[in-house]
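Report on one structure; see the data block that follows.
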Amino acid sequence: MAEIIVVTSGKGGVGKTTSSASIACGLARAGKKTVVIDFDVGLRNLDLIMGCERRVVYDFVNVVNGEANLKQALIKDKRFDNLHVLAASQTRDKDALTKEGVEKVLKDLADEGFDYILCDSPAGIEKGAFLAMYFADRAVVVVNPEVSSVRDSDRILGLLSSKTRKAEAGERVKEHLLLTRYSPKRVEAGDMLSIADVQEILGLEVVGVIPESPEVLQSSNAGVPVILDEASPAGQAYTDAVARILGEERPMRFTTVEKKGFFSKMFGG
């Protein structure tokens, strides 16, 4: 049975689509049949980060409206045969999606034998974000370690616990916290919230800590999710996060300032 995971946040620009792309690739690399859906109708960035923007013919809204079937709209990833992308529409507005239409697409994807359905949510609390989270079994809440991002994510947690199908049935969506753009140096200097600070405010377990890294932007611009850059700390951190989502225990890396050794101090290494 397919598990539906929403990747969400309160604030825009925190790395949600980057995270969706990397998590999807990580799940596929682990042998799971995975599809990732872009719910950001009118903007559409997931296909760019996945490197398949030129192959979009039909989109999510076309399928919801019956203008195309799933097989026509799903784009198979170039790197993994078991990974597919369903792009958002760039020409419709947010009202193009309906609860009934989204439910049918998710059911059809489950019938296709997908293990994981990832919903890349728009930021905030408008209709697209509500529909992305409504059917979720699990939520990955993407947060930057700054007060405004954490406060906005607290509002998202309120919606997850009250406005989802699981909440209506008296159940809970399992929530995970993914911290992005984390800089141990800035935490040490008092310029950024620590992991413990964010956990305390939101009351969530951390599934991953993604360090601030230039490779994230470079990878996105190249249409290659950063998880596939195994030399990059961010890529390694996303790999760890996916392993934890799959139930594996891994120690947190890249969360403390590296202390320079004697020779590094002497020779400026």
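The values are calculated or read from the model by the stated rules, or taken from the named source; none is laboratory data. Here the structure is a predicted model, which is why all the values come from computation and not from measurement. Backbone-built Cβ (ideal geometry, glycine too); neighbour counts: all protein chains shown. The accessibility values were calculated without ligands, DNA or RNA, using every heavy atom of the protein model including side chains. Shrake-Rupley method; radii C 1.70, N 1.55, O 1.52, S 1.80 Å.
At-a-glance table
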{"read-out": "Matching option when the condition is buried (at least 18 other Cβ atoms within 10 Å of the Cβ) and either within 22 Å of Leu217 (Cβ to Cβ) or touching a helix residue (DSSP H, G or I) at 6+ places or on another chain (Cβ under 6 Å) (or both), among Asp77, Asp59", "value": "Asp77"}
{"read-out": "Enumeration of residues in the stretch 118-141 that are open to solvent by less than 10 Å² (accessible area, probe 1.4 Å) and either among the small types (Gly, Ala, Ser) or free of Cβ contacts under 8 Å to residues at least 40 places away in the same chain (or both)", "value": "Ser121, Gly128, Ala129, Ala132, Ala136, Ala139"}
{"read-out": "Residue match in the stretch 214-223 (condition: at positive phi and in a loop (DSSP other than H, G, I, E, B))", "value": "yes"}
{"read-out": "Subset of the stretch 224-237 that is open to solvent by 10 Å² or more (accessible area, probe 1.4 Å) and more than 20 Å from Glu248 (Cβ to Cβ) - its residue that is farthest from the chain's Cα centre (by Cα)", "value": "Ala231"}
{"read-out": "Tabulated pairs, the stretch 89-107, first within 16 Å of Gly42 (Cα to Cα), second surrounded by fewer than 17 Cβ atoms within 10 Å (Cβ to Cβ), C-beta under 7 angstrom, 6+ apart or interchain", "value": "Gln90/Gly42; Arg92/Gly42; Asp93/Gly42; Lys94/Gly42; Lys94/Glu126"}
{"read-out": "Scan of the stretch 107-117 for residues that are open to solvent by 10 Å² or more (accessible area, probe 1.4 Å) and aliphatic (A, V, I, L, M), ordered by number", "value": "Ala110"}
{"read-out": "One residue from Leu83, Leu46 being within 21 Å of Ala222 (Cβ to Cβ), open to solvent by less than 10 Å² (accessible area, probe 1.4 Å) and touching a residue at least 60 places away in the same chain (Cβ under 8 Å)", "value": "Leu46"}
{"read-out": "Top-ranked residue in the stretch 149-167 [being open to solvent by 20 Å² or more (accessible area, probe 1.4 Å) and assigned to a loop (DSSP other than H, G, I, E, B); ranked as farthest from Gly203 (Cα to Cα)]", "value": "Lys163"}
{"read-out": "Subset of the stretch 171-203 (residues that are outside any helix (DSSP H, G or I), touching an Asp or Glu at 6+ places or on another chain (Cβ under 9 Å) and surrounded by 19 or more Cβ atoms within 10 Å (Cβ to Cβ))", "value": "Val173, Glu175, His176, Leu177, Thr180, Arg181, Tyr182, Met192, Leu193"}
{"read-out": "In the stretch 246-263, residue modelled with the lowest pLDDT [restricted to those that are open to solvent by less than 70 Å² (accessible area, probe 1.4 Å) and closer than 25 Å to Arg181 by Cβ]", "value": "Val257"}
